[in-house]
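*Asks:* Structure incoming, see below.
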Amino acid sequence: MTLVLDASVFFTEIPVERPIYTTPSVVAELGDLHARCRFEALAATGLLVREPREKDLERVDAAALLTGDAGVLSPADRDILALALELPAIIITDDFAVQNVAHRLGIETRSIRQRPARAIRWRYRCSGCGRYCREPGDCPICGAPIKRKIK
């Protein structure tokens, strides 16, 4: 079974099976010395770093819009989701937004230290007047920030 690793894997010592992949954007997030050393150790034993395809990134963006997670996915999050679509692979992550979009795309995920996320749908509610909106930003009625809430 092929695995795609999120940055959180490099901050732990969990064993991972081969083959394993990650993306250049995840590697760029590894500023901690321990995480960089873990990356180097895994790279020496077969970890492959690969860019995702553009068409898979587009599928991720479409799914993230449907789940309401588009505003919180980082470029690295988008990349690992797209790479998991391409390979196909299991994503190892503790990020709930990544797990939520993965669930929408039919990608299996595994958690490291957190409980697995269940699939959720977000709603957006104004923090000022309480109106529900279709997307985050500022409320068109009162101008207060719109917050994400679980549906």
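The values are calculated or read from the model by the stated rules, or taken from the named source; none is laboratory data. On a predicted model such as this, the values are computed, not experimentally measured, just so you know. Every residue, glycine as well, gets a Cβ built from its backbone with ideal geometry; the counts of neighbours run over all protein chains shown.
*Asks:* Looking at (1) out of contact with any Leu (no Cβ under 6 Å at 6 or more places or on another chain); (2) in a strand (DSSP E or B), can you tell me which one Tyr21 breaks?
*Replies:* With respect to (1) out of contact with any Leu (no Cβ under 6 Å at 6 or more places or on another chain); (2) in a strand (DSSP E or B), Tyr21 is out only on (1).
*Asks:* Check off (1) surrounded by fewer than 22 Cβ atoms within 10 Å (Cβ to Cβ); (2) of a type outside the set (A, V, I, L, M); (3) assigned to a loop (DSSP other than H, G, I, E, B); (4) on the phi < 0 side of the Ramachandran plot for Pro52 and give me the number that stays unchecked.
*Replies:* (1)
*Asks:* Does Ala28 satisfy being among the small types (Gly, Ala, Ser) and either surrounded by 13 or more Cβ atoms within 10 Å (Cβ to Cβ) or in contact (Cβ under 8 Å) with a residue 60 or more places away in the chain (or both)?
*Replies:* When the stated conditions are applied, Ala28 does not pass them.
*Asks:* OK, next. For segment 80-97, enumerate the residues that are touching a strand residue (DSSP E or B) at 6+ places or on another chain (Cβ under 9 Å) and either of a type in the set (A, V, I, L, M, F, W, C) or surrounded by fewer than 24 Cβ atoms within 10 Å (Cβ to Cβ) (or both).
*Replies:* Passing the criteria: Ile80, Leu81, Leu83, Ala84, Leu87, Ala89, Ile90, Ile91, Ile92.
*Asks:* On the given criteria, is Val4 modelled with pLDDT of 95 or more, among the β-branched types (Val, Ile, Thr), surrounded by 15 or more Cβ atoms within 10 Å (Cβ to Cβ) and out of contact with any Asp or Glu (no Cβ under 7 Å at 6 or more places or on another chain)?
*Replies:* The answer is yes for Val4.
*Asks:* Another question, if that's okay. Among the residues of segment 64-78, what is the count of those that are over 8 Å from the mean Cα position of the chain (by Cα), buried (at least 22 other Cβ atoms within 10 Å of the Cβ) and outside any loop (DSSP other than H, G, I, E, B)?
*Replies:* Residues in segment 64-78 being over 8 Å from the mean Cα position of the chain (by Cα), buried (at least 22 other Cβ atoms within 10 Å of the Cβ) and outside any loop (DSSP other than H, G, I, E, B): 1 in total.
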